[in-house]
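Report on the structure given below.
Read-outs throughout are calculated quantities, based only on the coordinates presented, and are distinct from any laboratory measurement. Since we're looking at a predicted model, the values are computed, not measured. When we count neighbours, we look across all protein chains shown, and the Cβ atoms used for this are built from the backbone with ideal geometry, even at glycine.
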Ligand code: SF4
């Protein structure tokens with residue numbers, strides 16, 4: 001698995017270099033925990049509390065919007081995920097084994113999602129240098145095996161509408177897909193369909209595909225991500241659905 005991830009990392013464009021190591025093999029450091037553990041409200045609350053203190057520079061105001069905090073936290077998570085996962089699909093035409101139940105999350109000192117950790121030696125047929133054991137193909141596989149349970153986790157922990165997290169995922173995946181450009185033709189076509197562009201696949205009717213407004217000046221959100229409710233966090237700029245645009 002380590003060799004397969006190194007192969008993916010080598011295909012990440014320089015514009016996305018900050019996220020080249022967003023998926024790694026191994027147990028991770030002391031800040032790592034299985035994603036499934038975050039379903040425990042106590043574990044999730046402790047994670048969010050650290051993140052909130054980092055955002056607020058110390059004490060988290062009692063009145064802070066917990067949904068906005070979870071939405072913003074998810075944006076770091078999805079940024080770590082999107083570059084390696086889409087690079088593997090678009091540049092190499094294969095998925096990474098990112099099944100939610102088998103993946104761990106490593107946080108940085110500020111509680112921000114830093115890396116997703118996969119099993120270095122997943123068992124199953126076809127293992128080896130380019131092991132994708134247990135991974136369903138395409139972005140549709142990532143949607144069903146990882147993004148859907150992640151959205152359910154976030155929403156269960158704060159009452160957020162699922163479309164907010166789907167919108168966060170779509171924004172990041174759309175940006176990464178644009179930076180990656182052309183690659184494996186069937187994979188590019190499938191990714192485009194899953195992101196709501198013309199095409200047609202099982203993924204095209206998912207909340208991910210319906211999360212963005214297309215536009216000649218680029219996509220933008222259909223649903224506010226709430227991040228500007230947090231102290232000191234900048235707005236979404238041209239992605240904001242409330243921002244007037246000539247191509248609306
Ligand atoms: S900039 Fe727009 S989308 Fe982003 S949080 Fe503010 S209102 Fe919501």
Of 163, 115, how do they rank once you tally other Cβ atoms within 10 Å and put the fewest first?
163, 115
Can you give me the relative contact order of the stretch 2-239 as a percent, contacts being Cα pairs under 8 Å and 6 or more apart?
24 percent
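What percent antiparallel are the DSSP beta bridges of the stretch 2-239, to the nearest 5?
Details: 9 of 12 bridges.
Antiparallel bridges make up about 75 percent of those DSSP assigns within the stretch 2-239.
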Describe numerically, in nm with one decimal, the distance between label points set 7 Å from Cα along Cα→Cβ at residue 46 and at residue 65.
2.9 nm
Arrange 139, 98 by Cβ neighbour counts within 10 Å, fewest through most, would you?
98, 139
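Which of rounded, prolate or oblate describes the chain when judged by the alpha-carbon gyration tensor and an a/c cut-off of 1.5?
Details: a/c = 1.76, a/b = 1.12, b/c = 1.57.
Verdict is oblate for the chain.
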Measuring from label point to label point, each 7 Å out along Cα→Cβ, what is the residue 56 to residue 216 span in nm?
4.6 nm
